[in-house]
Amino acid sequence: MKKKLFALLMAGVMVLSLAACGKKAETPTEDPGAATEEPAAEPTTDLPLGYDPVTGAEAYGPYWDEWSDMTDEELYEMALKEDTTLNVYATSSKMLKAEEPFEEMYPGLDLVISDLDSDEVLSKAQIENETGNITADVLQTKDVNGSVFFEYYNQGIIEPFYPRDICSHIEEGNLKYSYPLYASQAFWYYNTEAFPDGQPIDSWWQIIEKNEDGSQRFHLYTKEIGQETAYLSLFASFINHADEMAEDYKRVYGKDLEYTYDASAFPFEVPENNAGVEYLWRFSQSQMTFIGDGDELVLAVHNSTKDAPALALASAGKIENQEESGYNIAWCVNLKPYNALLNTESLFAVAGSNSPAGARLFIRYITGGADCQSGGLKPFTKVGNWPLRDDFEDKKNPATLAELGAIPNDLDAIYSIYPDVQDMWTLWLNQNPNM
């Protein structure tokens, strides 16, 4: 597909743009008269972000440079010699809680947090880059369809920073596209009073299941999929995992999937006999109620009954309504072929920052520091957020990520088809007779 080729070309260009990334600190000059030794083989992860022109492999993070091995003390010493005001553009208001403790830990540095939505974080950084009037030093945002990775690195707006000591405590699959602050995910919620024996489904196909009389088994509540980048990316992932979707259909129903979608209306190539496309089509024709507020979504499940059961797709954190409001709700976990995509809140160093060392010091601080004791992760510790360090003690969540069945987001695969999937959803939703 043309978009796939475009993505690969962009990734190839990214290698060139990233060659200059992370070069703010001086690298010691080698003594030409010193004896040389055969260099040790580099780890396979020591590769630039993007497409590797030498091996032809798609090589992504973690990305190591001279910043990667600097300690907090070294970065702090350098930061005091830079612009000492650090500006962080963040999508979480919880980041505001970091200002006072960070400044107490690092006297002489002034931390300024701007609480923005995701579009504002990126658009402000882009405008600053284009005008050469760069204010931001760190960006905190989420990349769920690959646009940040493939576009903002490529334009030289952001640059990678992977602290090696901290990354040793994070599974490498979660470092592929960015340096993570924490992960979150969405769940389907069910009514525990209506289904006291546990969740009524174990497959995504059962969500859209029909009764023998042709009626829909569950009424579905969700935000409008096509207007939620994270949800549409999840549906796009099913297309990339079509074989797994087809296998799961056969597991559930004991027969091969029948393909019923018509792709003739689209001006682009739609794969034939793709179980993910079939799922997108069938889901788009289901009876749904779109609700923009997550608390109202889980309330709808609480108000449902066994005779008129409902499921709602909402963020993991809405489970707190179980205790706070007495809702009869629970997560559906370990759905096949996978439960969800991990949506990672990530941290990016801003290219051209006046405080490159200070920016990296803050990134280390907010993700726990060398020993996970900095306190930076504390504001983000809540039900529905999972810090990804293996040395972090998570006392808030009832289960670990490994126990819930989500998988890392493959941004490369999703980015190449995302616009087409959005078009498919929009057209097919408009054909839904129930909407």
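Below is a table of values for the structure above.
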| read-out | value |
| --- | --- |
| Unique match (being in a loop (DSSP other than H, G, I, E, B) and closer than 30 Å to L80 by Cα) among G358, G369 | G369 |
| Neighbours by Cβ (under 6 Å, 6+ apart or cross-chain): first from the stretch 271-292, more than 19 Å from A242 (Cα to Cα); second outside any helix (DSSP H, G or I) and at pLDDT below 95 | Q287/N434 |
| Leading residue by the ranking (nearest to N274 (Cα to Cα)) among those in the stretch 242-257 that are within 25 Å of the chain's Cα centre (by Cα) and touching a residue at least 40 places away in the same chain (Cβ under 8 Å) | M245 |
| Close pairs from the stretch 317-344: first assigned by TED's automatic domain parsing to the domain that holds L232 and part of a loop (DSSP other than H, G, I, E, B), partner hydroxyl-bearing (S, T, Y) and surrounded by fewer than 23 Cβ atoms within 10 Å (Cβ to Cβ), Cβ under 7 Å, at least 6 apart | N328/T192; L335/S203 |
| Qualifying residue in the stretch 272-285 (condition: part of a loop (DSSP other than H, G, I, E, B), closer than 25 Å to N303 by Cα and in contact with a Phe, Trp or Tyr (Cβ under 6 Å, 6 or more places away or on another chain)) | no |
| Members of the stretch 347-373 found to be among the polar types (S, T, N, Q) and surrounded by fewer than 22 Cβ atoms within 10 Å (Cβ to Cβ), listed by number | N354, Q373 |
| Options E278, E296: the member that is closer than 22 Å to E209 by Cα, under 26 Å from the mean Cα position of the chain (by Cα) and not β-branched (V, I, T) | E278 |
| Residue check for S147: within 30 Å of S416 (Cβ to Cβ), without any contact (Cβ under 8 Å) to a residue 60 or more places away in the chain and within 19 Å of the chain's Cα centre (by Cα) | no |
| Helices (runs of 4 or more DSSP H) lying entirely in the stretch 160-263 (those with 2 or more residues that are at pLDDT 95 or above and more than 28 Å from I329 (Cβ to Cβ)) | 164-167, 229-240, 242-253 |
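Residue-wise test of (1) exposed (fewer than 15 other Cβ atoms within 10 Å of the Cβ); (2) in contact with a Phe, Trp or Tyr (Cβ under 9 Å, 6 or more places away or on another chain); (3) part of a strand (DSSP E or B).
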{"residue": "E100", "(1), (2), (3)": "yes, no, no"}
{"residue": "S114", "(1), (2), (3)": "no, yes, yes"}
{"residue": "E120", "(1), (2), (3)": "yes, yes, no"}
{"residue": "I134", "(1), (2), (3)": "no, no, no"}
{"residue": "N145", "(1), (2), (3)": "no, yes, no"}
{"residue": "N154", "(1), (2), (3)": "no, no, no"}
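The values are calculated or read from the model by the stated rules, or taken from the named source; none is laboratory data. Every value quoted in this text rests on a predicted model; they were computed, and no experiment measured them. When we count neighbours, we look across all protein chains shown, and the Cβ atoms used for this are built from the backbone with ideal geometry, even at glycine.
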